[in-house]
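Below is one structure; the comments refer to it alone.
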Amino acid sequence: MTATPAAGADIAALYAQHIAICQTRAERALGLSGHDALLIAAGVEKYAFLDDRPYLFQPNPHFKAWLPLCAHPYSWLLVRPGKKPLLVYYQPDDYWHVPPAAPSGFWLEHVELRVISEPEQALAQLADQLPADLARLAIVGEADAALQHLQPNNPAALIDSLHWARACKTEYELDSMRAASRLATRAHLAARDAFLAGGSEAEIHRAYLIACGHTDRDLPYSNIVGLNEHAAVLHYQYQDVQRPAQWRSLLVDAGAQVNGYAADITRTWTRGDADSAEFDAVLAAMEVAQLALVDEVRKGVDYRDIHLSTHRHLARILKQQGIVAMSEEAMLAERVTSIFMPHGIGHLLGLQVHDVGGFMAGEAGGTRDKPEGHRYLRLTRDLLPGMVVTIEPGLYFIPTLLKQLRAMPAAASVDWAKVERLSRFGGIRIEDDVVCRAEGAPENLTRDAFALLG
């Protein structure tokens, strides 16, 4: 996927600020790890066992943190204190595949460029710029990206510093994520329309791709498109080509990406008819709760507290909707809410959908533990300005977990007839991408993008 101009602000000016921040962060990390230069591998193409078919290329996120180049294997970036980054850009003379285009775009003036046509030429282009003592060279990448005798060493102190800093997005990164949100929200509405028109999961997925201008290769993660009971499978991985006998509900967890930065959005839809009225009431209550949780994204807030707050909201909904006739306190104490929402409230978002550094205790590493009994939470840090997090509460009717609930003392307080009726709809997840700000209310990238669509 090539660099995509993001709408709104001057992307060139934002990128100039961004790469300066990347340089500052890299120089700090090099100082902490005791290295003189940083060499970053874009990565290599990987092939299926006993086959000549490559897997979908996924760039090293440390590489695309600097450059909006997501389909450029065998390229390298050399970062040196006080100097312009040196990019070795792989552009093969290939007639089997479309090679990368000639380098161009808002990023080009900010790097020293050297173009190669064979991967083996990279070392010769870098050799005169590497430290004399190669032990002073930090090399970040996977083991298979080794540059002949130069093996990635991924120094822990350097990686920890970069991951800690990367959680807070630059204005260029936020601009790219706003653009990704605009693509994804348009596609979510197209998916909804395909559902209402009676499409299969596969047809809904194709409508999504067309609307956002992506192919499956471009998506930041595989779309989750679940009709009816399939909405209860958290990471439902199929797209049924057969249309169902009835269209009761649709859960779409799908994103888009711009310049390597992801949107990650989930919406749950029904047909809004008499058959869905009972489920729609639960969906409306979840919508109110989700917006309240979004408002908790504030500077200094422990993200773990938002997760625990989610379970209090769920307990209230389960009681008010007549699903579980227990006090909210008892539901929390007996872990009843975890039956209906077994996952975490969200995660960091950026270059990766589940962005790195979510459990770090500080720049030097270490781990902040998850709340007891909540092993699937993906973020335990205090929120800082510039962090982008997802807020994605869910309420599901998952057969294997409901079976566990039937064996618990709380089973006597469950309206099982209502659970059976609601189970036909699978479940609910509502997910927004939210920016923590230095002051005041957060920025909701998802809701803002939907609002632009009217």
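The values are calculated or read from the model by the stated rules, or taken from the named source; none is laboratory data. As the structure is a computational prediction, the values presented were derived from the model and not from experiment. Here Cβ is always computed from backbone atoms with ideal geometry, including for glycine, and neighbour counts include all displayed protein chains. Side chains are part of the model used for accessible areas, which takes the heavy atoms of the whole protein and leaves out ligands, DNA and RNA. Shrake-Rupley method; radii C 1.70, N 1.55, O 1.52, S 1.80 Å.
Temperature 20 °C, viscosity 1.002 mPa s: under these conditions the Stokes-Einstein estimate for the range 159-232, based on its Kirkwood radius over C-alpha pairs, is 152 µm² per second.
For Q58 and Q17, a Förster radius of 25 Å and the Cβ-Cβ distance give a FRET efficiency of 0.40, rounded to the nearest 0.05. Restricting attention to the chain, lysine pairs at least eight places apart or on different chains and with alpha-carbon atoms under 29 angstrom apart total 15.
On the range 200-242, 52 percent of the accessible area sits on carbon and sulfur atoms, based on a 1.4 Å probe. Based on alpha carbons, the Rg and Dmax found for the range 324-434 are 16.7, 53 Å. Paramagnetic label reach from L196 (point 7 Å along Cα→Cβ; backbone nitrogen cut-off under 17 Å): within the range 420-454, residues 450-454. Per residue, the average separation of C-alpha pairs within less than 8 Å and at least 6 apart gives the range 1-120 a relative contact order of 25 percent.
Counting Lys and Arg as +1 and Asp and Glu as -1 over every other residue whose Cβ lies under 12 Å from the Cβ of I339, the net charge comes to +2.
Between E142 and D93, the contour length at 0.36 nm per residue exceeds the alpha carbon distance by 15.1 nm. Heavy-atom accessible area for E328, with the other protein chains in place and a 1.4 Å probe, reaches approximately 50 Å².
Taken per residue, the accessible surface of the chain reaches 43 Å², heavy atoms only and a 1.4 Å probe. Based on Cα contacts under 8 Å between residues 6+ apart, the range 152-298 shows a relative contact order of 23 percent. At the residue level, K46 shows approximately 70 square angstrom of accessible surface with a 1.4 angstrom probe and all protein chains present.
Stretched out straight at 0.36 nm per residue, the stretch from L308 to L123 would grow longer than its current Cα-Cα span by 61.5 nm. Centre-to-centre, using Cα atoms only, the range 344-395 and the range 24-44 are separated by 24 Å. Here's the picture: a label point sits 7 Å out from the Cα of K84 along the beta-carbon direction, and within the range 110-139 the residues with their amide nitrogen under 11 Å of it are 110-114. When the Cα atoms of the chain are aligned to their principal axes, the ranges along those axes come out at 73, 46, 46 Å in descending order. With both labels modelled 7 Å from their Cα along Cα-to-Cβ, the H235 to K403 distance reads 2.1 nm. Dimensions of the range 198-256 based on its C-alpha atoms, expressed as ranges along the principal axes with the largest first, amount to 31, 22, 14 Å. Using the Cβ-Cβ distance between E287 and T24 with R0 = 35 Å, the FRET efficiency computed as 1/(1 + (r/R0)^6) comes to roughly 0.30.
Between helix 201-212 and the chain there is an angle of about 50 degrees, using the helix long axis and the longest principal axis of the Cα atoms. Residues of the range 162-186 falling in the label zone of R368, defined by backbone nitrogen less than 17 Å from a point 7 Å along Cα to beta-carbon, are 162-169. For the range 151-287, the alpha carbon positions stretch 58, 32, 27 Å along the principal axes, listed from largest to smallest. With the highest mean first, a sort of the peptides 447-454, 287-294 on other beta-carbon atoms found within 10 angstrom per residue produces 287-294, 447-454. In the range 64-125, the DSSP beta bridges split such that about 40 percent are antiparallel, to the nearest 5. Relative contact order of the chain, taken over Cα pairs closer than 8 Å and 6 or more residues apart, is 16 percent. What is the helix-to-structure angle for 171-196, meaning the angle in degrees between its Cα long axis and the longest Cα principal axis of the chain, kept from 0 to 90 and rounded to the nearest 10? For 171-196 against the chain, the angle is about 40 degrees.
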